[in-house]
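Notes follow the structure.
Bear in mind these aren't lab numbers, they're just calculated from the coordinates by the rules spelled out. Just so it is clear, the model here is predicted, and its values are computed rather than measured. We place every Cβ from the backbone using ideal geometry, glycine too, and count neighbours over all the protein chains shown.
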Amino acid sequence: MALNESWQLPDISAGTLKVMLAKEAADMENSQRLRYHIYFEEMGGAPSPEVKNSGRDYDDFDSVCDHLLVIDQSLIGKENPVVGTYRLLRSTPAKKFGRFYSESEFDITPLKNTPGEIMELGRSCVRPDYRSRSTMQLLWRGIGAYMMHHKVQYLFGCASFVGLDVEPLKPALSFLYHNRLAPKEIRVKALSDLYVKMDWLDAESCSTPRVVASMPPLIKGYLKLGCYIGDGAVKDPSANTTDVSIILPTNAVTDKYFERYAASHSQNTPET
């Protein structure tokens, strides 16, 4: 179980913000409260009666995932100190559980057939007043340390556009399809009964800076890291989102983003 993870992150912090893995049930519950606020109160998703009564976004996957948290240490004892979170699920616990979260929407067989470790990123959110470059950098430094420790080869997961109406999303979906469609050997595909086409417009008309600028911040961040996109989108009425599948080779992430992390890690970690 994730909360019994013996390995912990090295010191990753900036000011009062600190990155950590959830160690206790209370840590995970604080993460779930933040997720509830973002997914249901801010984004307009439809929680189940049980989830609504609890005020926490939770599901069965929480017990087998690791929960990466950004904590504002100045809020401890005053209010929920979790201001950012990601949920991490590797191959080994996913096999024991029976599946990855994404498999309710996408066929990820090509990824599962690759050699080495793969890891699903999910339930990403940041409190509105902490949505800054520094907060996201802390989260990604945490992901970088975690994936290097566990020798992860591919990161993947769902990324979302708010809303179920495809019409305003056609330029963005078309851009992703024409410019970032994953190679066939790792190409995830939306399940046939949920499949929403992405290639609505021709490549030339959708490949403009304005289209890229219209993307949600999380998707723009993945694009900067060199991500691939799976074939087909999926509508999720419970979350009021239209989802696409992100595939990210970790060697690209390491090369583009974590050189500074590796340097700071070597300086801050005592030799043994």
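P(r) tail, segment 136-261: Cα-Cα pairs separated by more than 21 Å, 40% of all pairs. Beta bridges from DSSP with both residues in the chain: antiparallel share about 85 percent, rounded to the nearest 5. Other residues whose C-beta falls under 11 angstrom from the C-beta of SER13 contribute a net charge of 0, scoring Lys and Arg +1 and Asp and Glu -1. The value obtained for segment 103-183, namely the Cα convex hull volume divided by the number of residues, is 142 Å³ per residue. Find the percent of Cα-Cα distances in segment 1-155 that exceed 28 Å, and round it to a whole number. More than 28 Å apart: 19 percent of the Cα pairs in segment 1-155. In order along segment 194-202, phi translates into HN-Hα couplings of 10, 4, 10, 4, 10, 8, 6, 10, 6 Hz, rounded to whole numbers, per the Karplus curve 6.51 cos²θ - 1.76 cosθ + 1.60 with θ = phi - 60° and x for Gly and Pro. Rounded to the nearest whole Hz, the Karplus-based 3J(HN,Hα) values (6.51 cos²θ - 1.76 cosθ + 1.60, θ = phi - 60°) of segment 154-170 follow the sequence 9, 9, 7, x, 9, 10, 10, 9, 6, x, 10, 7, 6, 3, x, 8, 4, with x at glycine and proline. With 31 Å as the limit, the listed pairs LYS23/LYS189; LYS78/LYS220; LYS23/LYS78 have LYS23/LYS189; LYS78/LYS220 beyond it between alpha carbons. Phi-derived couplings, Karplus 6.51 cos²θ - 1.76 cosθ + 1.60 at θ = phi - 60°, listed residue by residue for segment 17-34: 8, 9, 9, 8, 8, 4, 9, 10, 4, 5, 5, 5, 5, 5, 4, 5, 5, 4 Hz, with x used for Gly and Pro. For GLU117, the residues whose amide H sits under 5 Å from its own are GLN153, ignoring neighbours fewer than 5 places away on the same chain, with H placed 1.01 Å from N.
Taking amide hydrogens as placed 1.01 Å from N in the peptide plane, the amide H of ALA239 sits under 5 Å from those of ALA46, each at least 5 positions away in sequence or on another chain. By the rule of a C-alpha distance below 17 Å, with chain neighbours fewer than 8 residues away ignored, the aspartates and glutamates paired with LYS184 are ASP107, ASP199, ASP231.
Here's how it looks for ASP231: its modeled amide H is under 5 Å from those of VAL188, LYS189, ALA190, which are all 5 or more places away or on a different chain. Here are a few candidate values for Rg and Dmax of the Cα atoms in Å: (i) 20.3, 70; (ii) 18.2, 58; (iii) 19.6, 60. Which one was actually calculated from the structure I just gave you? The value computed from this structure is option (ii).
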